[in-house]
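Following: one structure in structure tokens, then a few remarks.
Just so you know, all these numbers are worked out from the coordinates, no wet-lab data involved. Values in this document were obtained by computation on a predicted structure and should not be read as measured data.
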Amino acid sequence: MWGSKDRRPDQINSQVNPRSLKFRKNIHGKPEVEWQQSDDWHPPPLHFNLSHTSSLIACGVTMNSQIGIDVEEKQRTIRNDILSFARRYFSHHEMDFLAAISDPEVQRQEFIKLWTLKEAYVKALGRGFSGAPFRTFTIRCRAAATGGSFHLSQNSNSEV
């Protein structure tokens, strides 16, 4: 069994038979572990997320905090014009960031980074792509010259 109510998470006995694990879907369809509760056993909140491409699989497991993972092929091609496609899903700030990039290859790479971060975020919320419109939050981008970092911000006026 995994732990007991008087153990810390780092003292968990991991002798749970994997075949005994049961899963359910949350209201948005994300799979979750469905623990069998008992008086002497209070399992930790276990969260996981998966993502894959044709050449990569990522799996993350956490206790006590949500997790979201997304992976995309580095060489992924975008069939449509990147800006017209992004306009459907990205915030104004993200669109301005992408539109300011003149090199088409750099623009494609930055689009994929943004898309991956946005998808990982909504997966961490337990919603996935269909449950949280991408345009309701912004990944703020800093230019590579200043460290190339990304930050999340909620849009004050939700754009759906």
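List of remarks:
- With contacts taken as Cα pairs under 8 Å at a separation of at least 6 residues, segment 9-63 carries a relative contact order of 23 percent.
- The mean of 1/r over all distinct Cα pairs in segment 9-63, once inverted, gives the Kirkwood hydrodynamic radius of 13.3 Å.
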